[in-house]
Amino acid sequence: MDKNVWIWIPNMGDSDELQSVDSEENAEPISRKRTRLDAFNDSYKELKRTNVGTIAQVEGYGGEFKRIYICLGPLKNGFIRGCMRVIGVDGCFIKTEHGGQLLIAVGVKGKNGMYPLALAVVDVENRENWMWFLGLLKDNL
């Protein structure tokens, strides 16, 4: 199967469109033919408009959803400025017709409160998806 990775990073050029990446050196806009991942494009634009510094990445194979990662800029900045340097991670089932797993990272704020930091929705909870999630989280912090 042909692997495509769709990436959106805020403030990196004039385009708000998703980019199709088949290697780190080769990025080109996704064709305007509708895919099932087109629905994410509007969400990316809104995230960029309302949350400066937000990082989001969605991946798919042949136009089919595989996984998405979101780290909201204001939450990242709040964690860096006011939380203990402790991060907890966990995963849970998504009980819908589409299934999947929710992976989440939370920080610890005053009085041991939980502070959401980043989340990912993946097709299956496995080592590959956890390493992908934690690698992106590490890069963002």
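The values are calculated or read from the model by the stated rules, or taken from the named source; none is laboratory data. Predicted model, so just to flag it, every value in this text is computed and none were measured. Cβ: placed from backbone, ideal geometry, glycine included. Neighbour counts: every protein chain shown.
Quick look at the numbers
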quantity: Yes/no for V108 being in contact with a Phe, Trp or Tyr (Cβ under 6 Å, 6 or more places away or on another chain), crowded, with 16+ Cβ neighbours inside 10 Å and among the aliphatic types (A, V, I, L, M); calculated: no
quantity: In the range 48-79, residue farthest from the chain's Cα centre (by Cα) [restricted to those that are surrounded by 12 or more Cβ atoms within 10 Å (Cβ to Cβ) and among the β-branched types (V, I, T)]; calculated: V52
quantity: Search result, residues across the range 89-105 that are in a strand (DSSP E or B) and surrounded by 12 or more Cβ atoms within 10 Å (Cβ to Cβ); calculated: V89, G91, Q101, L102, L103, I104, A105
quantity: Selected residue [out of contact with any strand residue (DSSP E or B) (no Cβ under 7 Å at 6 or more places or on another chain), without any contact (Cβ under 8 Å) to a residue 24 or more places away in the chain and within 17 Å of T54 (Cα to Cα)] from K95, K138, K111; calculated: K138
quantity: Members of the range 50-81 that are more than 28 Å from G99 (Cα to Cα) and hydroxyl-bearing (S, T, Y); calculated: T50
quantity: Given (1) part of a strand (DSSP E or B); (2) free of Cβ contacts under 8 Å to residues at least 40 places away in the same chain, index of the condition L117 fails; calculated: (2)
quantity: Boolean, K45 is surrounded by 13 or more Cβ atoms within 10 Å (Cβ to Cβ) and either outside any helix (DSSP H, G or I) or modelled with pLDDT under 90 (or both); calculated: yes
quantity: Filter result (in contact with a Phe, Trp or Tyr (Cβ under 9 Å, 6 or more places away or on another chain), assigned to a helix (DSSP H, G or I) and closer than 11 Å to I87 by Cβ) within the range 120-141; calculated: L137
quantity: All positions within the range 58-79 that are assigned to a helix (DSSP H, G or I) and in contact with a strand residue (DSSP E or B) (Cβ under 9 Å, 6 or more places away or on another chain); calculated: G73, L75, K76, G78, F79
quantity: Any hit, the range 86-106, residues being within 21 Å of F133 (Cα to Cα), modelled with pLDDT of 80 or more, out of contact with any helix residue (DSSP H, G or I) (no Cβ under 9 Å at 6 or more places or on another chain) and among the charged types (D, E, K, R); calculated: yes
quantity: Pair list, Cβ under 9 Å, 6 or more apart: the range 53-75 residue within 20 Å of I87 (Cβ to Cβ), other residue among the basic types (K, R); calculated: G53/K76; T54/K48; T54/K76; I55/K76; A56/K48; Q57/R67
